[in-house]
Amino acid sequence: MNEMLNVALPKGRLGEKAYDLFERAGYDCPELREVNRRLTFENEEKGVRYFWVKPSDVAIYVERGAADIGVAGRDILLEYAPDVYELLDLGIGNCRMCVAGPKNLRDDHTGVLRVATKFPNIARRFYAGRSREIDVIHLNGSIELAPILGLSDVIVDIVETGKTLAENGLCVLEEIEPVSARLIANKAHYKFKGAAVDTLRERLFGVVNA
Ligand code: PRP
């Protein structure tokens, strides 16, 4: 019997790129490109079912087994540390987790540094490693506004092209870690769907490294 693989894809540009890789690896699902608002798609013949989920939720779907595998940014894996297998670097969604702030910022290491971010755990870990006391301001988007309006001293955020920073008069102060999209798998499901997951991983590996 052809066992269906349930795949959580991050809705948006990264998900489109990820689906391109799956398609080239032989796991196409033509409807996915045609229908706009639907969230689930399947191609029984290819043994695959896709779900569009919010990018930051992919790891939750996979960790809890609602999806067997998924595509999640390394930023999300670092932030939430989900209990999943990380199977492959897909080489897409390449960016950097950085500390950024005003060009002229000089941290004299006195007082508490105010850090605005969507990634409080990454920020806390980074500054704990340097024994720097910080006040984390947890925001959900438009992080670059925080230092401009005096809400924070710096931000911890992903930088892709650097355009958002440049257009807001900010710059990278320090790089924390490179980030890219990863193929992840549910640990328990990997035990009974391991063969199908391994085949998919090998095919994707071939496409990514072509
Ligand atoms: C991300 C990130 C930066 C921007 C970086 O934001 O938080 O703001 O992209 O990209 P760049 O270096 O190419 O300019 P996103 O687009 O996810 O929007 P958000 O502000 O709602 O989080």
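Some observations on this one:
- Positions within the range 13-34 being open to solvent by less than 30 Å² (accessible area, probe 1.4 Å), more than 20 Å from Thr199 (Cα to Cα) and either touching an Asp or Glu at 6+ places or on another chain (Cβ under 6 Å) or modelled with pLDDT of 95 or more (or both), in sequence order: Gly15
- Out of Pro102, Pro82, sole residue that is touching a residue at least 24 places away in the same chain (Cβ under 8 Å) and touching a Gly at 6+ places or on another chain (Cβ under 8 Å): Pro102
- Residue that is farthest from the ligand (Cβ to nearest atom), among those in the range 119-146 that are farther than 20 Å from Pro82 by Cα and of a type in the set (A, V, I, L, M): Ala128
- Hey, Glu175 touching a residue at least 24 places away in the same chain (Cβ under 8 Å), of a type outside the set (Lys, Arg), within 11 Å of the ligand (Cβ to nearest atom) and surrounded by fewer than 15 Cβ atoms within 10 Å (Cβ to Cβ) or not: no
- Filter result for Thr164 (within 13 Å of the ligand (Cβ to nearest atom), of a type in the set (Ser, Thr, Tyr) and surrounded by 19 or more Cβ atoms within 10 Å (Cβ to Cβ)): no
- Scope the range 90-109; condition surrounded by 16 or more Cβ atoms within 10 Å (Cβ to Cβ) and in contact with a Leu (Cβ under 9 Å, 6 or more places away or on another chain); matching residues: Leu90, Ile92, Gly93, Met97, Cys98, Val99, Ala100, Gly101
- Residue match in the range 129-148 (condition: closer than 29 Å to Leu204 by Cα, out of contact with any Lys or Arg (no Cβ under 6 Å at 6 or more places or on another chain) and touching a residue at least 24 places away in the same chain (Cβ under 8 Å)): no
- In the range 190-205, the qualifying residues are those that are in contact (Cβ under 8 Å) with a residue 12 or more places away in the chain and open to solvent by 40 Å² or more (accessible area, probe 1.4 Å), and the one that is nearest to Ala25 (Cα to Cα) is Arg203.
The values are calculated or read from the model by the stated rules, or taken from the named source; none is laboratory data. These numbers come from a predicted model, not from an experiment. Here Cβ is always computed from backbone atoms with ideal geometry, including for glycine, and neighbour counts include all displayed protein chains. Accessible surface is based on the protein model in full, side chains and every heavy atom, while ligands, DNA and RNA are left aside. Shrake-Rupley method; radii C 1.70, N 1.55, O 1.52, S 1.80 Å.
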